[in-house]
Amino acid sequence: MDLIRCTSCFQHSPTLIAPTFRHQTTRKPNLTTISNNHGTVSTTRMVVKARGGGAAEAETALVDKPKVLKRFQVSEGHPAPFGATIQDCGVNFAIYSANATSATLCLIALSDLQQNRATEQIPLDPLANKTGDVWHVFLKGNFKDMLYGYIFDGEFSPEIGHYYDSSRILLDPYAKAVISRGEFGALGPEDNCWPQMAGMVPTSEYQFDWEGDLPLRHPDRDLIIYEMHVRGYTKHESSGTKFPGTYRGVVEKLDHLKELGVNCIELMPCQEFNELEYYSYNSVLGDYKLNFWGYSTINYFSPMIRYSSSGIRSCGRDAINEFKYLVKEAHKRGIEVIMDVVFNHTAEGNEKGLSLSFRGVDNCVYYMLAPKGEYYNYSGCGNTFNCNHPVVRQFILDCLRYWVTEMHVDGFRFDLASIMTRSSSLWDSVNVYGDPLEGDLIATGTPLNNPPLIDMMSNDPVLHGVKLIAEAWDAGGLYQVGRFPHWGVWSEWNGKYRDIVRQFIKGTDGLSGAFAECLFGSPNLYQEGGGKPWNSVNFICAHDGFTLADLVTYNNKHNLANGEDNNDGESHNYSWNCGQEGEFASISVKKLRKRQMRNFFLCLMVSQGVPMIHMGDEYGHTKGGNNNTYCHDNYINYFRWDKKEESSSDLFRFFHLMTKFRRECESLGLNDFPTAERLQWHGHTPGKPDWSDTSRFVAFTLIDSVKGEIYVAFNTSHLPVTITLPERPGYRWEPLVDTSKPAPFNFLSNEVPERELAIKQYAHFLDANLYPMLSYSSIVLLLSPDENA
């Protein structure tokens, strides 16, 4: 997340660390009728109702009195585990809240949820149903189609961090499925954007058959990651899927990823969020803005219910099984599943936001607060999750364990992970270690050298072998690329790789040495601290920012479709339009653009480290120059299967063959940084690299146990050059890849018609140990025995 999504919700400042009082979104409270210890009471509620002309408006309505059904056997229960858990033919409910004065468990039938009323309320006795700071109760009864939530009462004093409100039914942070609306983008009853939500009560039914599924355990160095959006992948009508825009839709198109050559998918947020969070009319496109990306989590245990084809059927159990089905089918194809998780902030926003779960349960525990109760905003989204608080870090660890053990996911990418290295509110040695140390008080938000949460995740026995990837920066100016505390197991999104490669490939001076570092796993960032090449997740493009096609088509962002007057999004993209702005350009410019796209991808595939491809780049998806498409549930963000099958499919062929080549080469996924024994740098002549500020040429040879030896060169100058190749007596260099050639001759695979004739066209150069390179081109040559030697 590059913090460029919605300037109507926040203004990003790279130095912002103070508490924020800014308006977050068009959120309104939803007050639900409840029953108390003495019977039932009727109260009003606020409905966030959509208007046709723009933002949501509030409307007051009277709610019917709830039914009171005495159909459960109630006993004290146990304080562990947290959440709702099947035990002894019943369900144990346990939830942490240190500062609440009372707690009530609300049971809600699915039919009553739609009417905004509780079915049964069970007040918890602080003497019998509370152990330490944990409220608990055990119930036996019929839980079919039953949901649950909690009411907490206590002090409402924002100035000291308390937001208790006994008129609200709150989600359990440990709820395993969150139920509200069943269809993505559809408004709730009475056009409500925030209808009442409740958690699923577990039952012993709906077991899932994993068919012996086990973790794939691909070595990190062998990964080829594909960042994708579940809904966007198959929602376009050209996907031809039976269940478009869902987990099952992804399964229907997994074979495309297998053909592309990836062995790991990184799913953009699939934990429960509200896509209606930004709901407002967009006059530019004539549709409605939604939170399409999902970086605004409501609940961390529940999969995004509206990504399932079953919706809220069976109270979310079918949705859970549908996510499991996606993981199982991916594993059958040798593809691991990594989740993009957002533990840096939640959807509750700042003090003007809603109380949905964490805020109403124990606000000053779950959020990083200033002394007067204000929210620190290191996330740029209104609040900051209090990650290194003992309760919160245990919550995060429990969540990760759940997704690994119950859902079989293979790893996690942590959005704005630097926040997880900051000290929590109330940070001191007693809070963290149990022993007082003189002078140990640390200011809230201070970056820690050994963050307890990162330590716990890195050394947890259940998470051993699970992929952990950090987006090593945040909105408070903390930038830790190359310095994120890794304990030998963490990888990082290498933003420096992205920026340097973008600039060098487009012909920026002064970067030949930095580009060479990028090619070999960024040892300048990782080697000194004991890191490995695979600590670097290399990428050219990701969900936020230009697509690969737009990177070579636009010099400037074109974000008017977002309805924010082009004020949102990153303005410094290191892009180059190749001579003309926009898609309508001359034939020569379009040819150069395709060449540059091949150059970028070749660089990605021959670099040490872990390559990551963004969804749609394999066919040249364009967003029309929009580099901040967080709010579009439409063609802008949808994978265009029809485009993949059109003339641009020659780019897909190139992607497919380059990923295949990388997998075949032992030397392109090294576990350690290469030494001079196998690596040699070259310039226009062998063994004489040019690291000067004016150099736009980088070449190297690499010994490979499978291919023998590989020669790779990049000419990012506007001038062509004829290079001299390293002499290898008894061998000759043969061309494999030349990005300046049209398809299929840009990759001379064995199935290319007239391949031998194409190679012979180079013979007079290769006989002289020379090779001609056009401007803005890159090549791969292989060493083969010289039959004429």
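Quick notes on this structure:
- Peptides 459-467, 307-315, 356-364, ordered by how many other C-beta atoms sit within 10 Å of their residues on average, highest first, read 356-364, 307-315, 459-467.
- Accessible-area value, Leu770, 1.4 Å probe, nucleic acids and ligands omitted, Å²: 50 Å²
- Cut-off 11 Å (backbone N to label point 7 Å along Cα→Cβ of Trp487), residues of the stretch 349-378: none
- Here the extension length gained between Ser649 and Thr685 equals 9.4 nm, from 0.36 nm per residue of separation less the Cα-Cα distance.
- Between the amide H of Tyr288 and those of Asn282, distances stay under 5 Å, these residues lying 5 or more places away or on another chain, with hydrogens modeled in the peptide plane.
- Surface calculation, 1.4 Å probe, protein heavy atoms: Asp672 sits at approximately 80 Å² accessible.
- Three-way shape call for the stretch 72-200 based on the alpha-carbon gyration tensor, with the a/c threshold at 1.5: oblate
- Inter-centroid distance (Cα atoms) of the stretch 558-610 relative to the stretch 335-371, Å: 35 Å
- Whole-Hz couplings from phi, Karplus 6.51/-1.76/1.60, listed for the stretch 758-765; x for Gly and Pro: 5, 5, 5, 5, 8, 4, 5, 7
- Between Gln271, Met228, Val341, the Cα set farthest toward the positive side of the dipole of the chain (charges on each charged residue's Cβ, about the Cα centre) is that of Met228.
- Taking the chain and dividing mean pair separation by its residue count, relative contact order in percent (alpha carbons under 8 Å, at least six apart): 11 percent
- DSSP-assigned coil residues among chymotrypsin sites (Phe, Trp or Tyr not before Pro) in the stretch 563-625, each with at most 10 further Cβ atoms within 10 Å: Phe584
- Karplus (6.51, -1.76, 1.60) ³J(HN,Hα), θ = phi - 60°, over the stretch 350-365, in Hz, Gly and Pro reported as x: 8, 5, 8, x, 8, 9, 9, 7, 4, 4, x, 7, 6, 4, 6, 8
- Rolling a 1.4 Å probe across all protein chains gives Thr85 an accessible area of roughly 40 Å².
- Nearest-ten-degree value, helix 495-505 long axis tilted from longest Cα axis of the chain: 30 degrees
- Taking a straight Cα-Cα cut-off under 22 Å and skipping sequence neighbours fewer than 8 places away in the same chain, the lysines within cross-link reach of Lys532 are Lys467, Lys496.
- DSSP beta bridges in the chain [antiparallel fraction, %, rounded to 5]: 75 percent
- In a DSSP loop and with at most 16 other Cβ atoms within 10 Å, the chymotrypsin sites (Phe, Trp or Tyr not before Pro) in the stretch 685-724 are Trp691.
- Under the convention that each Lys and Arg Cβ holds +1 and each Asp and Glu Cβ holds -1, the size of the dipole of the chain around its Cα centre is about 1200 debye.
- Between Ser238 and Leu397, the FRET efficiency from the beta-carbon distance, with R0 = 30 Å, is close to 0.10.
- Across the chain, the longest run free of exposed loop sites, meaning GluC sites (Glu not before Pro) lying outside DSSP classes H, G, I, E and B with no more than 13 other Cβ atoms within 10 Å, spans 212-405.
- Residues listed by number, the stretch 604-625, amide nitrogen under 16 Å from Val589 label point at 7 Å toward C-beta: 624-625
- For the stretch 545-617, the relative contact order is 34 percent, taking Cα pairs closer than 8 Å that sit 6 or more residues apart in sequence and dividing their mean separation by the residue count.
- Length-normalised contact order of the stretch 72-200 in % [C-alpha pairs under 8 Å, at least 6 apart]: 27 percent
- Here, P(r) means the percent of Cα pairs in each 5 Å bin from 0 to the largest distance; for the stretch 674-785 it is 2, 11, 22, 25, 21, 12, 5, 1, 0.
The values are calculated or read from the model by the stated rules, or taken from the named source; none is laboratory data. Keep in mind that what you see is a predicted model, and the values were worked out from it rather than measured. For neighbour counting, all protein chains shown are included, and Cβ atoms are generated from backbone atoms with ideal geometry for every residue, glycine included. Keep in mind that these areas ignore ligands, DNA and RNA; they rest on the heavy atoms of the full protein, side chains included. Shrake-Rupley method; radii C 1.70, N 1.55, O 1.52, S 1.80 Å.
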